Every structure is written in C-alpha cells, then in structure tokens.
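Trainee: The structure is given below, and queries will be raised subsequently.
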C-alpha cells in the first residue's frame, strides 16, 4: 500500500501538524515502506509456531516474599491532612 503526498497531508491536518511539501514526500516514502514490510510479514506462515514470552530460555531469580518493615498505618494516618475511621479524606473531584 503506497501512500501519496495527499494522504500524508490529510493525516497531518487530522494530527494538526505542519508539513512542507518535502516533508510530506519523505513521510509518504517512509510510511509506505513500513506498510510494505507489514504486508510481507502478514504472508509469513506461522502455523505450528509456538508463541514466546521471552526469546531466551532464562528464568528470573526472585527474592523471598518477606515483610521487611512493620505496619506504619497509624503513623501515616497521624500526619495526613484529613482522615476518618482509618480512611484518608480527599477533595471531591467528580460531580
């Protein structure tokens, strides 16, 4: 799918961008080459290919899930500008 300068100018208007004629031509060529690459990638046969979440066979070392500091809720509630029954009171932002 090849884009023309007119297509790029329409996109620029929608995106509220100012482009010169030279810029429009450069962008049309660049975006057209990207779209051609995407068309080529759509034609690749991926049947039987298993999806990968990570291309490496590495695993991540995890630390133990341990509590490292005690409950400080009362201390934080004491310095809050406004609180009530264990909840922070904040200004209403939605009518």
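The values are calculated or read from the model by the stated rules, or taken from the named source; none is laboratory data. Everything numeric here is computed off the predicted structure, so don't read it as measured data. Note that each Cβ is placed from the backbone with ideal geometry, even for glycine, and that neighbours are counted across all protein chains shown.
Trainee: Restricting the first residue to segment 1-12 and requiring it to be at negative phi and assigned to a helix (DSSP H, G or I), which pairs with a second residue that is exposed (fewer than 12 other Cβ atoms within 10 Å of the Cβ) and at pLDDT 90 or above meet a Cβ separation below 9 Å and a spacing of at least six or different chains?
Mentor: Taking only residues 6 or more apart or on different chains, the pairs are 12/18.
Trainee: Would you be able to say whether some residue in segment 25-33 is assigned to a loop (DSSP other than H, G, I, E, B), surrounded by 10 or more Cβ atoms within 10 Å (Cβ to Cβ) and in contact with a helix residue (DSSP H, G or I) (Cβ under 8 Å, 6 or more places away or on another chain)?
Mentor: Looking through segment 25-33, none of the residues is assigned to a loop (DSSP other than H, G, I, E, B), surrounded by 10 or more Cβ atoms within 10 Å (Cβ to Cβ) and in contact with a helix residue (DSSP H, G or I) (Cβ under 8 Å, 6 or more places away or on another chain).
Trainee: Additional query: Taking segment 74-88, which residues are surrounded by 10 or more Cβ atoms within 10 Å (Cβ to Cβ), outside any strand (DSSP E or B) and out of contact with any strand residue (DSSP E or B) (no Cβ under 6 Å at 6 or more places or on another chain)?
Mentor: Hit for segment 74-88 is 76, nothing else.
Trainee: So, residue 51, is that one out of contact with any helix residue (DSSP H, G or I) (no Cβ under 7 Å at 6 or more places or on another chain), over 30 Å from residue 1 (Cα atoms) and in a loop (DSSP other than H, G, I, E, B) or not?
Mentor: So residue 51 does not fit the description; no.
Trainee: All but one of (1) surrounded by fewer than 10 Cβ atoms within 10 Å (Cβ to Cβ); (2) over 30 Å from residue 86 (Cβ atoms) hold for residue 71, so report the exception by its number.
Mentor: (2)
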